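Here's the structure we're looking at; comments come further down.
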2 protein chains.
Amino acid sequence: MSAKKKNKTSPGMDLVDGVLTGNVRAIARMISLAEAAKPENRPALAEIFRRAGNAHVVGITGVPGSGKSTLVRGLAKAVRASGRRVGIVAIDPSSPFSGGAILGDRVRMTELTGDDGVFIRSMATRGALGGLARASLEAVDVLDAAGFDLILIETVGVGQDEVDVVQAAHTVAVISAPGLGDEIQAIKAGILEIADIHVVSKCDRPDANATITDLKGMLTLGVRAMEMGGGDWRVSVVPTSAETGEGIDDLLAAIDGHGRHLADTGGLEERRRRILEMRVLKTAEDIIRKDFRDGRDKLSGLMDRVRERRMDPHEAALKLLDRIKKD
Amino acid sequence: MSAKKKNKTSPGMDLVDGVLTGNVRAIARMISLAEAAKPENRPALAEIFRRAGNAHVVGITGVPGSGKSTLVRGLAKAVRASGRRVGIVAIDPSSPFSGGAILGDRVRMTELTGDDGVFIRSMATRGALGGLARASLEAVDVLDAAGFDLILIETVGVGQDEVDVVQAAHTVAVISAPGLGDEIQAIKAGILEIADIHVVSKCDRPDANATITDLKGMLTLGVRAMEMGGGDWRVSVVPTSAETGEGIDDLLAAIDGHGRHLADTGGLEERRRRILEMRVLKTAEDIIRKDFRDGRDKLSGLMDRVRERRMDPHEAALKLLDRIKKD
């Protein structure tokens, strides 16, 4: 008996077939269920998880101003030109307040719309109530189950949650751009080490060569992709220009090459294991967070003791976890 | 009997007295114990927590390039000029790899060193093993117990962890700078709403007026500090220039004003409650994360089922929490 039959009344169960056949409306609604994070949506999302696992998931990250969105757009067009279907999950650091960047993305992406071989979804980082990683990766599941061949996760490379999400990809491309300021460069340092592929954007600029040389020098010094399986992969530096279109095909070739490398070396299984460990852990954190919110009243005695500094936060956390046991 | 006597053998217990009397070496070592996150350090840190609770904690955040570090330096000098002691916890988005920004900070801060009324500590965001929020706030406890009157938490305003940390302050100042790019502005949108005080940096620049006008317009539209207590506070916009020193005293006056407002309205108690709730929650998450890491072998059967997609991450997370109960 399939989970689908078992849970016919669960919201979203009627969307599963639509997702599996690539129906755009069903896909969009299923991702909204992931964002809503309601317990009654779990059976449908669990069913989607069971049907996923075939796509090549590519994380694309870079600091603000590195030209991520433009590059992702170019890459999506190249994937389409190769005859494959491409899904994009853009993790957007804007507030639901502003809506600015979300709208911006949509506008910039219009030349890709109207093609059902492309699906683009922006996730709001703040609306997700701390469950950003979970919701984003469930959105990836939905696109995966819907049969998209390549799924691009675009995220700003700052913040632990964002880095966790991009590391939940089989292949991680980190974008560097020439001519960014000092503070930006300092932030960048933290994500360079997770790259399977380095991308230099805006390579039509005269100062791009310095960026390329820096990255190559860093690679020579042994700074390389973290040990996430596929240990003997050689990290390359791919110069691109969204302006001229230069290097986009090279980038796709590098991504495909990394995918083949993972499949050939068994690295893919190792990555999948790590990614799923991270997902389970993030989900456990989500559950605790939700329990805490929902049970705030019951916790007031405990929190009073912390406020009066008769108990420290660590002891209170242990007691909180104890309480979850008993529920 | 004090906790100190009870746990004489716990590392760091012998440092507590030194911290309480403001000994620079004891403070530095105690913060290192917080960063190390070892169970045997807990009694000393719990004792520090019990002795803290008097400082005015100020979170200062802004996007990369907004001039945070320079402003914090100027503000620290103004606090000293007012005869008070100031502690700074800088949450640094650089990797332990590069060390670049950490060194940079130290160099830029040298004019404040040699004064034991100032203590500056950079926290590495990656070394903290996911416990960034916990470690940073324990560092604040240490400075608080050491009698610093004002504690400034400087953090880049991107990423959930970083936003959580800055919201663990009594007063939140968000820095905006004129002339930043589009992507930076989009990120900024997510943190504007947590400001108790808006700071415009680089107001010697000709385009600063537009930034000030934008912020004032936004405030008129009702975008204001989140409801974290002290509900009727009027968020102001303070123009500053680290270059000319303009506005730094105004900023300190606004910070002091907000502190008085919280004390007078009972908002301080409400904020303290929320901050400690967040700390307990973050600590519970840390504990689970650590349990998961330490017990990875025992979890392999569970993870195998997830990898084979016979169990989804949510169900596995529930089973993981079950397991923690039994330990």
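Pairs only if they're at least six apart or on different chains, beta carbon under 6 angstrom, first in the stretch A:242-261 and more than 14 Å from A:LYS202 (Cα to Cα) and assigned by TED's automatic domain parsing to the domain that holds A:ASP204, second modelled with pLDDT under 95 and among the acidic types (Asp, Glu); list them, first residue then second.
Pairs found: A:HIS258/A:ASP196.
Among the residues of the stretch B:307-323, write down those that are more than 8 Å from every other protein chain (Cβ to nearest Cβ), under 19 Å from A:PHE49 (Cβ atoms) and in a helix (DSSP H, G or I).
If the condition is that a residue be more than 8 Å from every other protein chain (Cβ to nearest Cβ), under 19 Å from A:PHE49 (Cβ atoms) and in a helix (DSSP H, G or I), then B:LYS319 is the only one that fits.
If you take the residues of the stretch B:10-25 that are surrounded by 16 or more Cβ atoms within 10 Å (Cβ to Cβ) and of a type in the set (Val, Ile, Thr), which of them is nearest to the chain's Cα centre (by Cα)?
B:VAL19
Taking into account only those residues within the stretch A:252-306 that are in a helix (DSSP H, G or I), modelled with pLDDT under 85 and more than 10 Å from chain B (Cβ to nearest Cβ), which is surrounded by the fewest Cβ atoms within 10 Å (Cβ to Cβ)?
The qualifying residue surrounded by the fewest Cβ atoms within 10 Å (Cβ to Cβ) is A:ASP297.
Tally time: how many residues in the stretch A:32-48 are crowded, with 24+ Cβ neighbours inside 10 Å and under 16 Å from the mean Cα position of the chain (by Cα)?
1
Those residues that are buried (at least 20 other Cβ atoms within 10 Å of the Cβ), modelled with pLDDT of 90 or more and part of a loop (DSSP other than H, G, I, E, B), I need them from the stretch B:236-247; list them, please.
B:THR240, B:SER241, B:GLY247
If the Cβ limit is 8 Å and pairs must be 6+ apart or interchain, which residue in the stretch B:299-318 that is over 13 Å from A:ARG272 (Cα atoms) pairs with which residue that is not in a helix (DSSP H, G or I)?
Every condition considered, the pairs that remain are B:LEU302/B:MET311.
Please identify the pairs in which a residue from the stretch B:200-220 that is assigned by TED's automatic domain parsing to the domain that holds B:VAL172 has its Cβ atom under 8 Å from the Cβ atom of a residue that is among the polar types (S, T, N, Q) and surrounded by fewer than 13 Cβ atoms within 10 Å (Cβ to Cβ), counting only partners at least 6 apart or on another chain.
B:ASP204/B:THR244
Restricting attention to the stretch A:39-83, and to residues there that are closer than 25 Å to B:ALA316 by Cβ and more than 12 Å from chain B (Cβ to nearest Cβ), which single residue is modelled with the lowest pLDDT? Spell out the reasoning first.
Taking the stretch A:39-83 and keeping what is closer than 25 Å to B:ALA316 by Cβ, we get A:39-59.
Retained after the next criterion (residues that are more than 12 Å from chain B (Cβ to nearest Cβ)): A:40, A:55-59.
On the way: A:GLU40: 91, A:ALA55: 97, A:HIS56: 97, A:VAL57: 97, A:VAL58: 97, A:GLY59: 94.
If we take residues in the stretch A:39-83 being closer than 25 Å to B:ALA316 by Cβ and more than 12 Å from chain B (Cβ to nearest Cβ), then A:GLU40 is modelled with the lowest pLDDT.
Working only within the stretch B:71-92, note down all residues that are surrounded by 20 or more Cβ atoms within 10 Å (Cβ to Cβ) and part of a loop (DSSP other than H, G, I, E, B).
B:ARG85 - this is the single residue of the stretch B:71-92 that is surrounded by 20 or more Cβ atoms within 10 Å (Cβ to Cβ) and part of a loop (DSSP other than H, G, I, E, B).
Can we say A:ALA36 is free of Cβ contacts under 8 Å to residues at least 60 places away in the same chain and away from chain B (no Cβ under 12 Å)? If you could, list the steps in order and put the result at the bottom.
Values: free of Cβ contacts under 8 Å to residues at least 60 places away in the same chain: yes; away from chain B (no Cβ under 12 Å): yes.
In short, yes.
The values are calculated or read from the model by the stated rules, or taken from the named source; none is laboratory data. Keep in mind that this is a model prediction, so the values were computed, not measured. Note: ideal-geometry Cβ built from the backbone for every residue, glycine included; neighbour counts use all protein chains shown.
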